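Have a look at the structure below, then the notes.
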Amino acid sequence: MFSFSEPNNYFGRRCVWVNGPVIVGAGPSGLAISACLREQGIPFVVIERSDCIASLWQKRTYDRLKLHLPKKFCQLPKVPFPEEYPEYPTKKQFIAYLENYAQKFDIKPQFNECVQSAKFDEACKLWRVKTVSTAGSVRSETEYICQMLVVATGENAEGVIPEIEGLKEFSGEVIHAKDYKTGVKYAGKNVLVVGCGNSGMEVSLDLANHNANPSMVIRSSVHVLPREMLGKSTFDLAMKLMAWLPLCIVDRILLIIAWFTLGNIEIYGIKRPSLGPLRLKNHYGKTPVLDIGALDKIKSGEITVVPGIKRFSGKTVELVNNDFLNVDSVILATGYFSNVPLWLHEKEFFAENGFPKTPFPNGWKGKGGLYASGFTRRGLVGVSADAVKISKDIGKAWKKELNQKKQKVSTHRRCISTF
């Protein structure tokens, strides 16, 4: 990596040539690719807007969070989880694993640098990635120039804030689930959780465990499955069944087992989609909820299920069934979105929603040295798969370029010798 600063520049603007790929994002995706490249001896630069690796896990997740899948499905390339870790590692354990992973492969991101724009220069056939420092009071700008760009900012870069009538004027607290840590301060309070995915269910469970009075909004249908079936994790069982049976048959088996395990959940206001859980995930990226206790709280009445919201007024919420709730706080478990369109000036590979246009499993490579990692809607399993594919492809391009340079040097030497 070579850099130079422009003279008489009071804003500290500099230009950096990167002899290898620039990786945007130091989460699991960026770390996994970096590790695979490091093993091949390929230089790279990782840009991270926060001041730490895996900032989503470290700063924007609740304390009780555990991995939803067994650890064997969540490990990054080259390094398994420690044997002493439980089947479902905690948030702290996963962060420790990632920090050790970064240390092992000597991954040192450029922290506190927020990408403002990334654009492919057609004339030079190079990527120009412009960043602004997010640390300190002095604004500094950097332009990275490289032949390959890896977008590893992931699916969950920003929290979705829904447009609901009166929400902005709500007189109580309103936070997104990314800012929720624990239910301790909500004891005795009426809390409305908007959203019924894994985050919404777990936040509601945590609130109930801390003696709050949570009401959870379930506006549409959702699949709820037990985390384990027949002594195996539901995910593990599904993977084994899919090796032998069509997806529709596997869906039926999972739903039959869920019925016997959980009972008829529709009587509690939870309607199942018409499409099975695995097909729904494949077609629309909607993940089924893996229940770890919230359903028991719903059955006991400690968590109240309510329909969609019509409007907010003061501290009162009017629901679509014309019922009213008095609430002290609102927690928006309304999901996340990719921020790629905000900074990447490219429309051929990425769609307007910030995901690659090409569906899984081929949405990891674009043109002109552009790559995407962590956009498969398949969690950490997809992250590792992307990292292996991308690093191998970059490795091939890197070796090809080295061989071409060697041939040029060899030809030049022969010319000099003949002269």
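The values are calculated or read from the model by the stated rules, or taken from the named source; none is laboratory data. The model shown is predicted, which means the values in this text are computed figures rather than measured ones. When we count neighbours, we look across all protein chains shown, and the Cβ atoms used for this are built from the backbone with ideal geometry, even at glycine. Areas reflect the complete protein model, heavy atoms only, side chains present, ligands, DNA and RNA absent. Shrake-Rupley method; radii C 1.70, N 1.55, O 1.52, S 1.80 Å.
For this structure, a couple of remarks:
- Of the residues making up the stretch 238-295, just one is of a type in the set (V, I, T), free of Cβ contacts under 8 Å to residues at least 24 places away in the same chain and within 19 Å of M201 (Cβ to Cβ), namely I267.
- For the stretch 10-40, a tally of residues being in a loop (DSSP other than H, G, I, E, B), of a type in the set (G, A, S) and in contact with a strand residue (DSSP E or B) (Cβ under 6 Å, 6 or more places away or on another chain) returns 1.
- Residue among G183, G172, G159 that is closer than 30 Å to V305 by Cα and buried (at least 19 other Cβ atoms within 10 Å of the Cβ): G183
- Condition met for R279 (open to solvent by 80 Å² or more (accessible area, probe 1.4 Å) and assigned to a helix (DSSP H, G or I)): no
- Scanning the stretch 26-82 for residues that are at positive phi and buried (at least 17 other Cβ atoms within 10 Å of the Cβ) yields a total of 1.
Yes/no matrix, rows are residues, columns are (1) over 30 Å from K119 (Cβ atoms); (2) modelled with pLDDT under 95; (3) surrounded by 14 or more Cβ atoms within 10 Å (Cβ to Cβ); (4) assigned by the TED database to the domain that holds N190:
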position	(1), (2), (3), (4)
L255	yes, no, yes, yes
V289	yes, no, yes, yes
K297	yes, no, yes, yes
G314	yes, yes, no, yes
N326	yes, no, no, yes
V330	yes, no, yes, yes
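- Which numbered condition N213 misses (of (1) over 25 Å from the mean Cα position of the chain (by Cα); (2) farther than 30 Å from V174 by Cβ; (3) open to solvent by 60 Å² or more (accessible area, probe 1.4 Å)): (2)
- Residue match in the stretch 128-150 (condition: within 21 Å of the chain's Cα centre (by Cα), open to solvent by 20 Å² or more (accessible area, probe 1.4 Å) and among the β-branched types (V, I, T)): no
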